[in-house]
Structures are given as C-alpha cells and as structure tokens.
1. Out of B:Thr15, B:Thr8, B:Thr47, I need the residue that is among the β-branched types (Val, Ile, Thr), outside the structural domain of B:Val153 (by TED's automatic domain parsing) and closer than 29 Å to B:Arg225 by Cβ. Which one?
2. Residues that are open to solvent by 20 Å² or more (accessible area, probe 1.4 Å): which strands (runs of 3 or more DSSP E) entirely in segment B:207-316 hold 3 or more of them?
3. Hey, among B:Ile68, B:Ile57, which residue is under 29 Å from B:Ile6 (Cβ atoms), at pLDDT 95 or above and either touching a strand residue (DSSP E or B) at 6+ places or on another chain (Cβ under 9 Å) or open to solvent by 10 Å² or more (accessible area, probe 1.4 Å) (or both)?
4. For segment A:20-45, which residues satisfy the criterion of being without any contact (Cβ under 8 Å) to a residue 40 or more places away in the chain and buried (at least 19 other Cβ atoms within 10 Å of the Cβ)?
5. Check whether at least one residue in segment B:322-335 is away from chain A (no Cβ under 14 Å), within 21 Å of the chain's Cα centre (by Cα) and either open to solvent by less than 10 Å² (accessible area, probe 1.4 Å) or of a type in the set (Phe, Trp, Tyr) (or both), and report yes or no.
6. So A:Ser75 fits all but one of (1) open to solvent by less than 20 Å² (accessible area, probe 1.4 Å); (2) without any contact (Cβ under 8 Å) to a residue 24 or more places away in the chain; (3) within 12 Å of chain B (Cβ to nearest Cβ); what number is the exception?
7. Could you list all residues from segment B:136-184 that are β-branched (Val, Ile, Thr), open to solvent by less than 10 Å² (accessible area, probe 1.4 Å) and out of contact with any Lys or Arg (no Cβ under 9 Å at 6 or more places or on another chain)?
8. Looking only at segment B:37-54, count every residue that is open to solvent by 10 Å² or more (accessible area, probe 1.4 Å) and within 30 Å of B:Glu146 (Cα to Cα) and tell me the total.
Amino acid sequence: MMLIECPWCGPRDQSEFRCGGEAHIVRPTDSEGMSDAEWADYVFMRKNPKGIHHERWFHAHGCRRWFNMTRDTVSDRILAVYKVGETSPVGDGAAAEAGAEASK
Amino acid sequence: MSRYSIFTLARNALTNHENWTEAWRSPEPRPDYDVIIVGGGGHGLATAYYLAAEHGITNVAVVEKGWIGGGNTGRNTTIVRSNYLYDASAGLYEHALKLWEGLTQELNFNVMFSQRGVMNLAHDHHEARDLKRRVNANRLNGIDSEWLDRQQVLDFCPILNRDPAIRYPVYGATLQRRAGTARHDAVAWGYARGADARGVDIIQNCEVTGLDIQGGRITGVETTRGRIGAKKVGVVVAGHASVLAAMAGLRLPIDSHPLQALVSEPIKPVMDTVVMSNAVHAYCSQSDKGEMVIGAGIDLYNSYSQRGSFDVIEETLVAICEMFPILSRLSMMRQWGGVVDVCPDASPIISKTPIGGLYLNCGWGTGGFKATPGSGHVFAHTIARDEPHPINAPFALDRFASGALVAEHGAAAVAH
C-alpha cells in the first residue's frame, strides 16, 4: 500500500490513483514507414524492469490529472514524482528521453 | 525411484516412516547439459519430465533460484478448467485437462485432482449472453460445458446468496463438470520425482544471472553456482520472464504484477465446487483441509515484490461476503502474493526466440496453474524438435507483430 504524493493535491492514498504503465514511450512519427516488428515494439513491448521503473499515474479519484513517478519495483518505494514532460530526477539514463514526450 | 503403493506404505509404516528415500536427488551441477530449463515451477518441471519421458532427452537440468514449486506454483488457488473461448486456447487448455485426468497414475504421485466442477456466474442478461456464447464455443470444441439457470445454480451450490435484491444477484452460470482443483505442491513434487527418476538433475538455490550467447546461439547460462553449458535453454520463469529476456537482449510484451490470494480458518464442508464471478472479481473454493480459498485481483502497477495492496483484498472480500453470506464472520488465516506475467491478450507465449536454442514459456498471467501438464508437454516438444507442437503454434512471440492475438480476457478473467 503506497502513499502517493500527487504533484497537485499532495499526499493521497494509493486507492485514489490508477497506474498507466511505463512512461516516456514516444509515439513514432514515421508511422507509414514502420515495419510490423517496429509497430509491435511500440505497441506491445515493455521494459518491465526489476528495479527502477518510470511510470505514468492518474489521480482518478482526485484532480484527474496525469503525472509521472519513478518507483523501485522490488521494494515498491517511491523515489520521485514529477510532472508530464519533465525528466525524472532519479534514473538509469532511460529518463533522458523524457523531454520528447508529448503532453497527455 | 521406488514406486509408491499401498504395500510400500504398509512396509514403511512398520518402521515408523523413517526409511522413506528422498523423492529426488540434489546433485551438483555438471559442466554441460543438452537442455537447461530455467525455473523449477510446475511448468518447468513438467517440461523436463516430458523431455525425458516422451523425447528421450535425459541430459537435462532444471535450475531454480529458490526451491522447486516455491513461486507461483505454490501460490495459486489450484483451479483447473479448460472452458476458454477461442479454438487455439481450447486446444491448449483441453490438452492440459486431459493430461490432468491421468496425471496421478502417470506420475505415480497423488496430485489430488478433484473434478468437482467450476461455475462461472452471470449476474445479468448481458453477461449471460456472453457466457452462453462461451458454452457453445466450448461444446463445438468438444469441451464439456453447460448452462445452469438461477435455480439450478442455487441447487448446485446452496451457500450462494439467494436474495434477488442484492446488487449482483445470481442470474445463471456456466458449469464445466470435468473442471476442479488439484494439489499444487504435489504437481511440482510429482513432476520433479518423475523427471529425476529419468535422469534429470534438479538444482535448487541456483539463480541464473546471465545467458551466454555466441553468434546468435545460446551456449550456456551463468549462475550463482558457476557457468553451466547447454545446447538449448528453456526459460519458464513466470513473473521474471522480462528479466531473463533482457539478459538475451529481448523485449517482451509482458508486465509483472502482484496477484494475491488468501485462505480462511478451516470449517466443515460447505462447498463442493468452485464458484467464480468475473463481474464482482471474486472466486472461491474449499480446500480438503476445510479452508475457504479465495483469489483476489492483480494490483495494476508493475511490481516484483510478491505482496499486494490491501484495497485489492478489501474489494474481493466485499464481493465474497455478498456472494456467500455464510462466510462473512470467518477469520482469514493467511494472505500472500505472487508475481504474475501478464500478456496484452491474456494468452501465454510458448515460443522459439530469435536466438538459436533459446525458448520461452511465459505470459500465463493470472491463470497458468491449470495448464501445467499441457504447457510442459508442448514446450518439451518445441525444445526437442526445435519447432512448435501444433497446439502451441498460435502462441508464438511473433503474433504481436502479425496481429494474430488470442484475446482471452473474458475466459481468463483473474481466476487460476
């Protein structure tokens, strides 16, 4: 059970939120030139790491806004909460692509 | 392997059961094997068993980071059924169910397979239409399945709430009479004993930390007990599938989630079947010890923590209390979580990979236990022949590029 710090509402119970899965997946721009395998990679394939994970969360029963979280998937410890379009202050380098993410 | 029988039981009783031999050895790993199975759960042990028993490949090791059957094999709610919607799934799960029906004799180990029936409840007209469609699809595939109306459901399981005014009243149900439950630990132990007797090395407390790949082909695995060479490697590690795949540079369409279950204090027999409800997200059966075995849902975030959130349990128990008012005062004795590997189409991946000699069996999500014998059987075929068995051909990894998904969300639900 997690206490989640919504960037807009402050600390709230986890049951108010929905997890939206892996963050910083950038929608490809060259969609017509992509192979089926490249589409599969974008649509279905996920990092699913054991350790540091950047993910999207939605404050469903609150302000109804999306934000990002960096969390350790082994301990469930929340390492950082940051807004859409920002880069995680904690990272494994993967978050460097965060700037390219389109606003939700 | 000494065969178990009424006579060996009597003979050992005379010596206070102090002279039973170990059911399997605990050998040191050899430097090389023909096949290494990574993951000593039910599916991995079954794979090793069928490699030896059906394909004559006995130079095999099963490497397990903890103890065999200590992961999801020992954490599920032991339900076995095959009433899936699509032809591909029906083929796979019915193949498994047929193996279940002869498994105790095949393994000479009592897996306590009890065909007590599984009911899937409907609470309204629309759900009933959906479930009747599944009944018809099952029957076309030769799977026993029938529709029970409200009164038949209440007769079949009298402890169900018969109040028509509750939020989710009983409307009807599907019933698969050949479905039921099995003893989960016994499945792991039975396959381990059978595989060991045919020469398979079962190596516990041995975690795989890397995969040796040279020129696009697997040559062995790095483990906490040193390197072990192998011509072929089958990865059957459930929630850790993505971690192992990453060692081979592969990405999988899998997210790992906690899935919880819990059991009550034991009570006298009140329920001789399995009841599941997708709408209220709860399912329940009674173990031979008398505990009510209750399955909850997954937590929606990724986690490898083997524990879930309390709100998920609360939601499940709210539904259980309404469905079965008789259980509302029971204390819950134990609660636990496992890490399940959820695929986007709620179907497994039993497949070759782009790396020669490396095979994957994963993505069973919330419902792998029921498929244990069939999964091991077709995966052994895939490894031995380097091509899929016709039954698991539709469950290849490349279906995510081709688009030929096997979307079983309705039949998979959360139950396993």
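1. Details: B:Thr15 fails: closer than 29 Å to B:Arg225 by Cβ; B:Thr8 fails: closer than 29 Å to B:Arg225 by Cβ.
Testing whether each residue is among the β-branched types (Val, Ile, Thr), outside the structural domain of B:Val153 (by TED's automatic domain parsing) and closer than 29 Å to B:Arg225 by Cβ leaves just B:Thr47.
2. Details: elements: B:208-214, B:217-223, B:226-235, B:255-264, B:274-277, B:282-286, B:292-298.
Those strands (runs of 3 or more DSSP E) span B:208-214, B:217-223, B:226-235.
3. Values: B:Ile57 fails: under 29 Å from B:Ile6 (Cβ atoms).
Unique residue meeting the criteria: B:Ile68.
4. Across segment A:20-45, the qualifying residues are A:Ala40, A:Met45.
5. Within segment B:322-335, the first condition is being away from chain A (no Cβ under 14 Å), and the residues that meet it are B:322-334.
Retained after the next criterion (residues that are within 21 Å of the chain's Cα centre (by Cα)): B:334.
The next check asks that each one be either open to solvent by less than 10 Å² (accessible area, probe 1.4 Å) or of a type in the set (Phe, Trp, Tyr) (or both); those that pass are none.
Within segment B:322-335, none of the residues are away from chain A (no Cβ under 14 Å), within 21 Å of the chain's Cα centre (by Cα) and either open to solvent by less than 10 Å² (accessible area, probe 1.4 Å) or of a type in the set (Phe, Trp, Tyr) (or both).
6. Every listed condition holds for A:Ser75 apart from (1).
7. B:Val153
8. Here the count works out to 1.
The values are calculated or read from the model by the stated rules, or taken from the named source; none is laboratory data. Keep in mind the model is a prediction, meaning the values are calculated, not measured. Don't worry about glycine lacking a Cβ; one is built from the backbone with ideal geometry, like all the others, and counts go over all protein chains shown. Accessible surface is based on the protein model in full, side chains and every heavy atom, while ligands, DNA and RNA are left aside. Shrake-Rupley method; radii C 1.70, N 1.55, O 1.52, S 1.80 Å.
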